[in-house]
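Some notes on the structure that comes next.
The values are calculated or read from the model by the stated rules, or taken from the named source; none is laboratory data. None of these values were measured; they are calculated from a predicted model. Positions of Cβ are backbone-derived with ideal geometry, glycine not excepted, and every protein chain shown enters the neighbour counts. Remember, those area values only see protein heavy atoms, side chains included, never the ligands or the DNA or RNA. Shrake-Rupley method; radii C 1.70, N 1.55, O 1.52, S 1.80 Å.
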There are 2 protein chains.
Amino acid sequence: MNNIFKEIPKDLTNEIFEDLVQGSNIKVERIISNGQSSPRSGWYDQTQHEWVIVLKGEAILAFDNKPDVKLKQGDYLNIKAHQKHKVSWTTLEEETIWLAIHYD
Amino acid sequence: MNNIFKEIPKDLTNEIFEDLVQGSNIKVERIISNGQSSPRSGWYDQTQHEWVIVLKGEAILAFDNKPDVKLKQGDYLNIKAHQKHKVSWTTLEEETIWLAIHYD
């Protein structure tokens, strides 16, 4: 058994992506952000859908064709495949812990 | 956008299972327990794997062939397909909120 809030690496200079479980066509990952945002230019454009929830911290997701969404603890949303998006902000007050499910 | 900790139904006489998202062969659900446990006789014996995390509350999972596991906030584990299991206890102090991912 593991805990999503524990074993946080000390070096959070870069965002951290860790696979928690992998299935035939799904992947569950923990993402730890610490004030990072996606590169200014470019969007994530993924072939799979992504369901994300913020379990700690705060973040803002930006989309290419709709308003930004601010996510606080417990907030979740679904990002359809090829919905261009990026993380435009994460809090510096504490680390932001995401759970992301990539699926078809 | 929704929040996993909000819109808790008032009537928690029975455990509540809600689908949050469904993919080609995955299902993500929120489970809300309030002191319930699985029926005393019988086990869950599922054809899909299940990854579960307790996001609020406390619970004990029992297995047919290994020791019980107590889950507190943030604890997660993976239950392989056909691993017989059941919820043997959930706290009465507060509702227990689970996120469960059923996948192949």
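Return the total of residues in the range B:71-94 being more than 11 Å from chain A (Cβ to nearest Cβ), surrounded by 20 or more Cβ atoms within 10 Å (Cβ to Cβ) and within 10 Å of B:E58 (Cα to Cα).
So the answer is 1.
A:D68 - would you say it is charged (D, E, K, R), buried (at least 18 other Cβ atoms within 10 Å of the Cβ) and either more than 14 Å from the chain's Cα centre (by Cα) or within 12 Å of chain B (Cβ to nearest Cβ) (or both)?
No, not satisfied.
For the range B:18-27, indicate whether the set of residues that are under 12 Å from the mean Cα position of the chain (by Cα) and open to solvent by 20 Å² or more (accessible area, probe 1.4 Å) is non-empty. Break it down stepwise before answering.
Residues of the range B:18-27 that are under 12 Å from the mean Cα position of the chain (by Cα), as a first pass: B:18.
Of the ones still in play, those that are also open to solvent by 20 Å² or more (accessible area, probe 1.4 Å) are B:18.
Within the range B:18-27, one or more residues are under 12 Å from the mean Cα position of the chain (by Cα) and open to solvent by 20 Å² or more (accessible area, probe 1.4 Å).
Go through (1) within 12 Å of chain B (Cβ to nearest Cβ); (2) more than 23 Å from A:K80 (Cβ to Cβ); (3) at pLDDT 95 or above and name the single condition A:V21 misses.
So A:V21 meets the others, but not (2).
Quick one: A:V54 ticks every box in (1) at pLDDT 95 or above; (2) of a type outside the set (F, W, Y); (3) over 21 Å from B:E7 (Cβ atoms); (4) crowded, with 16+ Cβ neighbours inside 10 Å except a single one, so which number is it?
(3)
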